[in-house]
Amino acid sequence: LPLLIAADALKMRWEDIRRHGVSQFMTAGVNVFIAVGVGLLINQWVLHDYPLNTAAVVVLFSMLVATDPITVSSIFSNVNVPHQLKVLTEGESLFNDASALIAFSLGLLALQHPEQITGVFIAQKMFMVVGGAVVIGGSIGWLTSKLLRFSDDPFVEATTLMLGAYSAYAATEAFHFSGILAIIVAMLYVRTAIARHLDAEEKDHRN
């Protein structure tokens with residue numbers, strides 16, 4: 001999973017995220033919670049023979065609404081689609097992991113300790129899941145970009161990128177943050193660092 005996510009994240013550009021950030025936030029963030037809310041409303045008809053409390057339904061539907069990024073990427077790799085649609089769809093499939101993880105964690109905690117679910121706790125959980133992934137992913141992305149400068153061998157570079165992706169995922173998941181989001185941040189940082197390095201080299205050659 002980290003290797004496949006990293007390959008897709010390396011194709012993403014900050015320009016696309018800035019341009020379509022609001023749309024991706026709506027599809028990968030707000031819509032996930034709306035879908036879980038709809039699941040709560042239709043639960044009595046969909047799961048009529050399986051009476052579940054509210055927390056259990058949240059846990060169930062938060063797993064169902066998380067789009068599989070591998071499936072989306074594999075389909076789009078074989079189909080020629082407009083770049084804007086590709087960015088929106090693949091971005092949604094990658095970023096909604098964080099939203100689904102927040103909903104899942106809250107539902108799981110509500111099953112065990114419902115008294116802890118407050119507005120402040122929900123805000124803290126959202127900040128930790130997203131913020132923790134960004135901090136860890138950014139740190140590992142910075143370290144990976146520095147390590148890439150020590151070798152020009154393609155095999156070493158590929159291995160370094162793979163280790164960076166797996167390290168970001170493992171470190172983030174250990175703290176119950178969003179591992180996929182951490183990989184995206186790390187690889188975006190690496191891609192930006194590589195692009196800046198290549199631009200600097202090109203300017204030196206021109207001078």
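The values are calculated or read from the model by the stated rules, or taken from the named source; none is laboratory data. In this text the structure is predicted, and so the values were computed from the model without any measurement. Note that we place each Cβ from the backbone using ideal geometry, even for glycine, and neighbour counts take in every protein chain shown. Note: accessible area is taken over every heavy atom of the protein model, side chains too, but ligands, DNA and RNA are not part of it. Shrake-Rupley method; radii C 1.70, N 1.55, O 1.52, S 1.80 Å.
A probe of 1.4 angstrom, applied to the heavy atoms of all protein chains, finds Val135 with accessible area near 90 square angstrom. Candidate values (i) 17.8; (ii) 13.4; (iii) 14.3 were compared with mean projected area of the Cα convex hull in nm² computed on the shown model; the agreeing label is (iii). Accessible area ranking (1.4 Å probe, heavy atoms, ligands and nucleic acids excluded), largest first, for Asp204, Asp152: Asp152, Asp204.
A full extension of the chain between Arg18 and Val79 corresponds to an added length of 19.5 nm, given 0.36 nm per residue minus the alpha carbon distance. Bridging of Lys11 to lysines at a Cα separation below 21 Å is possible for Lys86, Lys146, once same-chain residues fewer than 8 apart are set aside.
With all protein chains in place and ligands, DNA and RNA left out, the 1.4 Å accessible area ranks Trp14, Trp142 as Trp142, Trp14, largest first.
The angle between the Cα long axis of helix 31-46 and the main principal axis of the chain comes to about 30°, on a 0 to 90 degree scale. Stretching the chain fully between Gln124 and Glu201 yields a gain of 23.4 nm (0.36 nm per residue, less the alpha carbon separation).
In terms of its C-alpha gyration tensor, segment 76-168 comes out oblate, because a/c is 1.5 or above while a/b does not outweigh b/c.
When the charge dipole of the chain is built from unit charges on Cβ atoms (+1 for Lys and Arg, -1 for Asp and Glu) and taken about the Cα centre, the candidate among Gln116, Ala174, Val65 whose Cα reaches farthest toward its positive end is Gln116.
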